[in-house]
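The values are calculated or read from the model by the stated rules, or taken from the named source; none is laboratory data. Owing to the predicted nature of the structure, the values given are computational and were not obtained by experimental measurement. Every residue, glycine as well, gets a Cβ built from its backbone with ideal geometry; the counts of neighbours run over all protein chains shown.
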Amino acid sequence: MDAASAEATRAVPAIPCDAEGPVFREPWEAQAFAMALALHERGVFTWSEWAAALGAEIKRAQAAGDPDTGETYYRHWLATLERLVAAKEVASSDTLHRYRDAWDHAADRTPHGTPIVLREEDFRR
């Protein structure tokens, strides 16, 4: 486990881990984790700020009926990432929605098992 991942797992103890470090069920989960690490390293937020925001996101989801079985953990991680990025004005909510929509369009045309690549036309829909 690298130093950044180790720091994150100490600061946010709910991260799913095994003896080697964080565990991800799907590639997008690892990508969301890596984005949070990169933004933390750039000083966008502290780990205590992240942990508080993630805790609030999980509570919101539980209040809305999330059964909290662990399968949705990285969905909460991603929602927290989006909220903090917007709150810190790293990117606007509109920009985040634009990229999410473009990603959905790219995923729709990409065969299963093939890496998703964003193209300019994905942003024009």
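Considering the stretch 115-125 alone, what residues qualify as being of a type outside the set (A, V, I, L, M, F, W, C) and at pLDDT 85 or above?
Matches in the stretch 115-125: Arg119, Glu120, Glu121, Asp122.
Conditions tested, residue by residue: (1) over 22 Å from Ala3 (Cα atoms); (2) of a type in the set (A, V, I, L, M); (3) at pLDDT below 90; (4) in a helix (DSSP H, G or I).
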| residue | (1), (2), (3), (4) |
| --- | --- |
| Gly43 | no, no, no, no |
| Glu71 | yes, no, yes, no |
| Val85 | yes, yes, no, yes |
| Arg100 | yes, no, yes, yes |
| Asp108 | yes, no, yes, yes |
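Which one is surrounded by the fewest Cβ atoms within 10 Å (Cβ to Cβ), of the residues in the stretch 37-73 that are closer than 13 Å to Leu84 by Cα and among the aromatic types (Phe, Trp, Tyr)?
Applying the filter and picking the extreme gives Trp47.
Would you mind stating whether Ala52 is among the aliphatic types (A, V, I, L, M) and at pLDDT 80 or above?
Criteria met by Ala52.
I need every pair where a residue in the stretch 10-29 that is surrounded by 14 or more Cβ atoms within 10 Å (Cβ to Cβ) has its Cβ under 6 Å from the Cβ of a residue that is assigned to a strand (DSSP E or B), sequence separation at least 6 or different chains.
Ile15/Pro22
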